[in-house]
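Since the structure comes first, as structure tokens, the remarks are kept for the end.
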Amino acid sequence: GAVVSQHPSWVICKSGTSVKIECRSLDFQATTMFWYRQFPKQSLMLMATSNEGSKATYEQGVEKDKFLINHASLTLSTLTVTSAHPEDSSFYICSARLSSPYIFGPGTRLTVL
Amino acid sequence: GDSVTQMEGPVTLSEEAFLTINCTYTATGYPSLFWYVQYPGEGLQLLLKATKADDKGSNKGFEATYRKETTSFHLEKGSVQVSDSAVYFCALSGDQAGTALIFGKGTTLSVSS
């Protein structure tokens, strides 16, 4: 079946560095992908909608200069957390829509020291 | 804007007990409704869905009915198992193409033998 993969599955970085997270749709093309952030024991908060070939649409309160999203192909979207700080530590999940169901990636655990 | 409200957890049940997790929504138009499940250490998985009023989604013994008159989509299972222990998320998607899923806060279910 349709699968969305994410890489890496976990990453630890030092404060001030940048981290890139990849989201790939396997066996299907996704013109639109979604990026969510999940805090421990909390729900998924939509960060942005990533559109292939155009600029991402960010939710209110999400810093677009800090969370850079690039959707360069129909199977790949990337989220770059720039100048990461400890408060950016979280679980980042991407999703792509294939007809009705939304397919979710397994998530990326980011820890910023 | 659109929103989803779920009952607060955690819910603790004994094996074979009846489960209900309440979910209500606020949305314009005709949203589709979903229940997703997140097992410990895993990504989100679609449990069931309903795309129009009075539709009943069902899977693995779980079911939920799309009630437009009460704007609800309560999740039920007649006899829970230990393996059902997970976090359950109610979600909706708007009726416009390319819209993201909006999630409730999630309800943690713990089933003991």
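The values are calculated or read from the model by the stated rules, or taken from the named source; none is laboratory data. Because the structure is predicted, anything quoted here is derived from the model rather than measured. Cβ placement follows ideal geometry from the backbone for every residue including glycine, while neighbour counts extend to all protein chains displayed.
For (1) in contact (Cβ under 8 Å) with a residue 60 or more places away in the chain; (2) of a type in the set (S, T, N, Q); (3) within 14 Å of another protein chain (Cβ to nearest Cβ), each residue gets a yes or a no:
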residue	(1), (2), (3)
A:Lys20	yes, no, no
A:Tyr36	no, no, yes
A:Leu46	no, no, yes
A:Lys66	no, no, no
A:Ile69	no, no, yes
A:Thr75	no, yes, no
A:Thr78	no, yes, no
Item to complete: Provide a single number: the residues in region A:51-70 that are modelled with pLDDT of 90 or more and not in a loop (DSSP other than H, G, I, E, B).
Response: 6
Worksheet item: How many of the residues in region A:87-99 are free of Cβ contacts under 8 Å to residues at least 40 places away in the same chain and either within 7 Å of chain B (Cβ to nearest Cβ) or not in a loop (DSSP other than H, G, I, E, B) (or both)?
Response: 2
Worksheet entry | Out of B:Phe18, B:Phe62, sole residue that is in contact with a Lys or Arg (Cβ under 6 Å, 6 or more places away or on another chain) and more than 14 Å from chain A (Cβ to nearest Cβ) | B:Phe62
Worksheet item: Going through region B:31-57 one residue at a time, which ones are more than 20 Å from A:Ile103 (Cβ to Cβ) and either in contact with a Gly (Cβ under 9 Å, 6 or more places away or on another chain) or assigned to a strand (DSSP E or B) (or both)?
Response: B:Lys56
